[in-house]
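Notes for the one structure printed next.
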Amino acid sequence: MDPNATFVVDQYAPRAADYVTSAVHAGGADLDQVEALLRQHRPARLLDLGCGGGHVSYRAAPLVTSVTACDPTPSMLDAVRATARERGLDNIAVQHAVAERLPFADGAFGAVVARFTTHHWQDRDAGLREARRVLAPGGLAVFIDVTSPEPALLDSWLQAIELLRDVSHVRNYRVSEWTAALARAGFAIDSLTPRRLPLPDFGEWTARTRTPADRVAAIRGLQQAAPEAVRRHFAIAADGGFTLDTVTLVAHAD
């Protein structure tokens, strides 16, 4: 495995159980949208790309023939395998792989969903090309992630706190960057749904990534020193809670 990808794995290996139980990841309007899309499109095989705690897989399993939960972190896959067994979801299989090099045949899946994972990919464009390659003609692609605001001030501030919280963070992309990257990879966008994601519990947000105390203090220092435009956009509360932007992009092979 690429040393950079190994770095990400090392960061997330001890945290698998935290992501299975994370309320932020386990629910939300974006997951409801994925379920509605699956009911509409009825794909047979689904790839949960960068599955993390497996929440797309658990929601999708009753609606498709088979789910492949794919992630570079073995402990995440162990947690997904165990949780699927506990829930009686016997059509979920796991696969160890990075997004940039998928061990699947061309057109192997009727749907590919990547939720809150692309900001960790070492090579976003390579990962998107792979997602396109393994998607069957006419298949459904859904990409969900935190996005960065277009203004440079807000973008810089967000990337700074994300990196302090999690040193494996690569980048939250602007919506304009997302649309351009998907087009380059061979996707045509069918819909784009922006949302706001409140994170009212600052302590839980940093505990989930086991952020060291000195970096937690640095994040709080940035919040307290932030200009009014930053505080307003991210709705920063006195206790550190704040709100992120997300997007759900629904696409198909162009």
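The values are calculated or read from the model by the stated rules, or taken from the named source; none is laboratory data. Quick caveat: nothing in here was measured; it's all calculated off a predicted structure. Positions of Cβ are backbone-derived with ideal geometry, glycine not excepted, and every protein chain shown enters the neighbour counts. What goes into the accessible areas is simple: the full protein's heavy atoms, side chains included, and nothing from ligands, DNA or RNA. Shrake-Rupley method; radii C 1.70, N 1.55, O 1.52, S 1.80 Å.
Surface composition of the range 102-189: carbon and sulfur make up 58 percent of the accessible area, probe 1.4 Å.
Each Cα pair under 8 Å and six or more residues apart adds its sequence gap; the mean of these over the residue count of the chain is a relative contact order of 18 percent. Here the peptides 61-72, 161-172, 206-217 are ranked by packing, the mean other Cβ count within 10 Å, and the order with the highest first is 61-72, 161-172, 206-217. Approximating the spin labels as points 7 Å out from Cα along Cα→Cβ, the Ala213-to-Asp125 distance works out to 4.4 nm.
For Asp106 and Ala160, the difference between the fully extended length at 0.36 nm per residue and the C-alpha to C-alpha distance is 15.7 nm.
Scalar couplings 3J(HN,Hα) for the range 233-240, obtained by applying the Karplus form with A = 6.51, B = -1.76, C = 1.60 to θ = phi - 60°, are 5, 8, 6, 6, 8, 4, 8, x Hz; x denotes Gly and Pro. In this label model, Asp90 and Asp254 are separated by 4.3 nm, measuring between points 7 Å along each Cα→Cβ vector.
Only one residue of Asn172, Val230, Ile189 has its Cα farthest out toward the positive end of the dipole of the range 143-254, where Lys and Arg carry +1 and Asp and Glu -1 on Cβ, and that residue is Val230. Backbone amide hydrogens, once placed in the peptide plane, bring Ser148 within less than 5 Å of Tyr173, Arg174, Val175, excluding anything fewer than 5 places away on its chain.
Full extension of the segment from His41 to Leu192, taken as 0.36 nm per residue of separation minus the current Cα-Cα distance, would add 52.6 nm. Averaged over residues, the count of other Cβ atoms within 10 Å places the peptides 47-55, 123-131, 98-106 in the sequence 47-55, 123-131, 98-106, highest first. The residue among Pro103, Thr147, Gly127 whose Cα reaches farthest toward the positive pole of the charge dipole of the range 73-165, with charges on the beta-carbon of Lys, Arg, Asp and Glu, is Pro103.
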